[in-house]
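Contents: one structure, followed by commentary.
The values are calculated or read from the model by the stated rules, or taken from the named source; none is laboratory data. Please read these numbers as outputs of a predicted model, since none were measured by experiment. Counting neighbours? That spans all protein chains shown, and the Cβs are built from the backbone with ideal geometry, glycine included.
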Amino acid sequence: MKVNILTPDSKKPNLAAMKISAWHKANGDEVELNFPLCNADFTYASVLFNWTPDPHADLIGGSKYPHIKLDPEIDKMKPDYSLYPKIDYSLGYTYKACPRTCDFCIVPKQNNDDKHYSIWTFHDPKFKKICLLNNNTLADFLWQETFEEIKDAGLKPILEQGVDCRLVTEENSQYLKEVKPLYIAWDSPEHEMEILRGLNYLQSAGCKEIRCYVLIGNNTTEDEDLYRVMKLWELGIDPFVMPKDKNDSYQKRFARWVNHKAIFATVKWKDYK
């Protein structure tokens, strides 16, 4: 059987596509990725964004459809890394759940399991790097086991979804200093004490490349947005503004000011045109 997998808005390797490919190839099928002219017997599609039109396919899933899950038999497959010849890292989850219930986030809608997985369920020893797609790595009670496995395998860790800075401790910061760059987020002004405490642990541990996503437009004022980005900048942290509404004129303007670092470093917000 010929199988085609479409990933119309994925710029990075798609884990679901690699698992689907692995399952079909194990069953003797031929798999193509994003081959529009393929005379396929069956076509899958993984769609990330709501604004992406659904391609013609027999089965469509992805982040656009958070309740659609891979069949358990497919989900347990090791990824078929040959689907992306240029990939140079392993890709997968050691923990899928997140205890947070942020209203702006899709993760709570996905009903992810809270099981712990070994890196060896998806890691290929030919790679020297490993990318975790975990939604909240530090919420896993066995987070230390994950980092010890990575350390023992001599791998460079990449955390695709960043770190929940509110869960950073003196202990886990010693492992996190190996993640470069390290991404965190400061979504709400009310989390200031927890964020700054976590940042202090990270910087004390020697973390150098820390970048922070700052959500605006989600029940925050202009003064609160300005305070957060300036506080981070004073601490030596690179803020990156994420507007909730990209069509809002203030949010677009504030994001342009902060995210263009040459301007942000030299022009005050009140003087920005």
Item to check | Condition check for Arg228: within 23 Å of the chain's Cα centre (by Cα), at pLDDT 95 or above and in the same structural domain as Ser204 (by TED's automatic domain parsing) | outcome: yes
Checklist outcome for this item: Only one of (1) in the same structural domain as Tyr95 (by TED's automatic domain parsing); (2) of a type in the set (Asp, Glu); (3) touching a strand residue (DSSP E or B) at 6+ places or on another chain (Cβ under 7 Å) does not apply to Glu148, and that is (3)
Next on the checklist: Residues to consider are Lys96, Lys128; find the one that is surrounded by fewer than 14 Cβ atoms within 10 Å (Cβ to Cβ), among the basic types (Lys, Arg) and either at pLDDT 95 or above or not assigned by TED's automatic domain parsing to the domain that holds Gly62 (or both).
Outcome noted: Lys128
Checklist entry - Just checking, how many residues over the range 174-198 are of a type in the set (Asp, Glu) and either surrounded by fewer than 14 Cβ atoms within 10 Å (Cβ to Cβ) or closer than 11 Å to Ile237 by Cα (or both)? => result 1
Item to check | Number of positions in the range 77-93 that are over 25 Å from Asn27 (Cα atoms) and under 13 Å from the mean Cα position of the chain (by Cα) | outcome: 0
Item to check | Residue identified as loosely packed, with under 14 Cβ neighbours inside 10 Å and at pLDDT 95 or above among Tyr201, Tyr250 | outcome: Tyr250
Next on the checklist: Which count do you get for residues in the range 27-48 that are out of contact with any Pro (no Cβ under 9 Å at 6 or more places or on another chain), of a type outside the set (A, V, I, L, M) and surrounded by 12 or more Cβ atoms within 10 Å (Cβ to Cβ)?
Outcome noted: 8
Checklist entry - Quick check: anything in the range 139-161 hydroxyl-bearing (Ser, Thr, Tyr) and farther than 25 Å from Ala17 by Cα? => result no
Next on the checklist: Just to be sure before I move on: is Glu171 within 24 Å of Val241 (Cα to Cα) and among the charged types (D, E, K, R) in the structure I sent?
Outcome noted: no
Checklist entry - Quick one: would you say Ile74 is in contact (Cβ under 8 Å) with a residue 24 or more places away in the chain, in a helix (DSSP H, G or I), touching a Lys or Arg at 6+ places or on another chain (Cβ under 6 Å) and not assigned by TED's automatic domain parsing to the domain that holds Asp187? => result yes
Checklist entry - Somewhere in the range 154-163, is a residue farther than 21 Å from Ile74 by Cα, more than 14 Å from the chain's Cα centre (by Cα) and surrounded by 15 or more Cβ atoms within 10 Å (Cβ to Cβ)? => result yes
Next on the checklist: I need the full set of residues from the range 25-47 which are over 9 Å from Val3 (Cα atoms) and touching a strand residue (DSSP E or B) at 6+ places or on another chain (Cβ under 7 Å), in order please.
Outcome noted: Lys25, Asn34, Phe35, Ala45, Ser46, Val47
Checklist entry - Mind checking which pairs have a first residue in the range 195-206 that is farther than 10 Å from Cys165 by Cβ and a second that is surrounded by 14 or more Cβ atoms within 10 Å (Cβ to Cβ) and among the charged types (D, E, K, R), Cβ under 9 Å, 6 or more apart or different chains? => result Ala205/Lys177; Gly206/Lys177
Item to check | Single unsatisfied condition, Asn218 versus (1) touching a residue at least 40 places away in the same chain (Cβ under 8 Å); (2) touching a strand residue (DSSP E or B) at 6+ places or on another chain (Cβ under 8 Å); (3) not in a helix (DSSP H, G or I) | outcome: (2)
Next on the checklist: Here is a list: Trp257, Trp269, Trp233. Which entry is more than 22 Å from the chain's Cα centre (by Cα) and touching a residue at least 40 places away in the same chain (Cβ under 8 Å)?
Outcome noted: Trp269
Item to check | Of all residues in the range 208-230 being charged (D, E, K, R) and crowded, with 17+ Cβ neighbours inside 10 Å, the one that is farthest from Ile184 (Cα to Cα) | outcome: Asp225
